[in-house]
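**Q** Take a look at the following structure, please.
The values are calculated or read from the model by the stated rules, or taken from the named source; none is laboratory data. Note that the structure is a prediction, hence the values are computed from the model and not measured. Cβ placement follows ideal geometry from the backbone for every residue including glycine, while neighbour counts extend to all protein chains displayed.
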Amino acid sequence: AIAEATQNRRFPEFLQLIRTGIIPRGELQGSAPGSRPKDYNLHLQEEHGQIVEAIIEGNAEAARERMRAHLRGSLERYNALLRSRTMTPDAI
């Protein structure tokens, strides 16, 4: 519903892509490739919960900032994964 509310047709398309496994979520949390840690998605649930809380409160600015923080964090986690992959002996 939030993706649709953005009125950006690309956002729901993007969410559909990442739901099909394009993002290695387990590896982003430090697990072996193809596995999921016990606390899988806990930080995402917290980030998403903060966004939803701001929306429920009707605080557009807080929702916007929390979404930006979530996207920045996601990008940082993904970049860290890419860096770790390039530093392994298998990548050489």
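**Q** Please verify whether Ile18 is under 16 Å from Leu81 (Cα atoms), at pLDDT below 85 and under 13 Å from the mean Cα position of the chain (by Cα), treating the condition exactly as stated.
**A** Against the criterion (under 16 Å from Leu81 (Cα atoms), at pLDDT below 85 and under 13 Å from the mean Cα position of the chain (by Cα)), Ile18 does not qualify.
**Q** How many residues does region 65-85 contain that are of a type in the set (Lys, Arg) and either surrounded by 12 or more Cβ atoms within 10 Å (Cβ to Cβ) or not in a helix (DSSP H, G or I) (or both)?
**A** Count: 3.
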